[in-house]
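Enquirer: One structure, as structure tokens, below. Some questions next.
The values are calculated or read from the model by the stated rules, or taken from the named source; none is laboratory data. Quantities reported herein were computed from a predicted structural model and do not represent experimental measurements. Cβ atoms come from the backbone with ideal geometry, glycine included; neighbour counts cover every protein chain shown.
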Ligand code: S3P
């Protein structure tokens, strides 16, 4: 799908998808080459709260975290020409997918459960939903959770399969028409 907006039109691009799908990796890279500002919702929540996400889950519970990430997400209504990496669950709570589709363009970074597993196996500690899981349990969790979340992720206007993406790839939405 090719979407080229007028250079005068604002662009607010939300990257959604499962943990380990590369939202931060690709988002910061794409923002840098296209001149957009990059933001990561998890990082903003941690900075504002002065706690890691693992600490927020442990001390205040997941529900509280969901409200914090939603509050941060909604602040982007005031920003333009930005690429925003959401958390893996952001699109699935508080009607955030509808809000993002109304206020910008969502890109779903789709990856297979096997590839996500390979990326997450060595970094479960900082992710409270998976930190107690190992090997087959982790793969099972990822597979089931993707199935549960897919109906939210699929509402993105653009879906990109990231498993075979080359480093020089840039989504059309981030190409400036006048570039
Ligand atoms: C979560 C994903 C994490 C973070 C939190 C919850 C989820 O973000 O928001 O641990 O529910 O999938 P990443 O997708 O950046 O790991």
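Enquirer: Would you point out the residue of the stretch 154-178, among those that are touching a residue at least 24 places away in the same chain (Cβ under 8 Å) and more than 18 Å from residue 27 (Cβ to Cβ), that is surrounded by the fewest Cβ atoms within 10 Å (Cβ to Cβ)?
Expert: 178
Enquirer: Kindly indicate whether residue 122 is buried (at least 18 other Cβ atoms within 10 Å of the Cβ) and either out of contact with any helix residue (DSSP H, G or I) (no Cβ under 7 Å at 6 or more places or on another chain) or in contact (Cβ under 8 Å) with a residue 40 or more places away in the chain (or both).
Expert: In short, no.
Enquirer: Still on this structure, please answer the following. What number goes with the only condition from (1) under 26 Å from residue 175 (Cβ atoms); (2) touching a residue at least 12 places away in the same chain (Cβ under 8 Å) that residue 102 does not pass?
Expert: Single failed check for residue 102: (2).
Enquirer: Any residue in the stretch 90-100 that is more than 14 Å from the ligand (Cβ to nearest atom), surrounded by 13 or more Cβ atoms within 10 Å (Cβ to Cβ) and at pLDDT 95 or above?
Expert: Scanning the stretch 90-100, I find at least one residue that is more than 14 Å from the ligand (Cβ to nearest atom), surrounded by 13 or more Cβ atoms within 10 Å (Cβ to Cβ) and at pLDDT 95 or above, so the answer is yes.
Enquirer: If only one of 62, 43, 69 is surrounded by fewer than 18 Cβ atoms within 10 Å (Cβ to Cβ), near the ligand (Cβ under 10 Å from one of its atoms), at pLDDT 95 or above and closer than 19 Å to residue 14 by Cβ, which one is it?
Expert: After ruling out the rest, the residue left standing is 43.
Enquirer: Among the residues of the stretch 137-153, is there at least one that is surrounded by 13 or more Cβ atoms within 10 Å (Cβ to Cβ), at pLDDT 95 or above and touching a strand residue (DSSP E or B) at 6+ places or on another chain (Cβ under 7 Å)?
Expert: Looking for residues that are surrounded by 13 or more Cβ atoms within 10 Å (Cβ to Cβ), at pLDDT 95 or above and touching a strand residue (DSSP E or B) at 6+ places or on another chain (Cβ under 7 Å), one finds at least one in the stretch 137-153, hence yes.
Enquirer: Take the residues of the stretch 46-59 that are part of a helix (DSSP H, G or I) and under 20 Å from residue 20 (Cβ atoms): which is nearest to the ligand (Cβ to nearest atom)?
Expert: Here the answer is 53.
Enquirer: Among the numbered criteria (1) on the phi < 0 side of the Ramachandran plot; (2) more than 10 Å from the ligand (Cβ to nearest atom), which single criterion is violated by residue 85?
Expert: (2)
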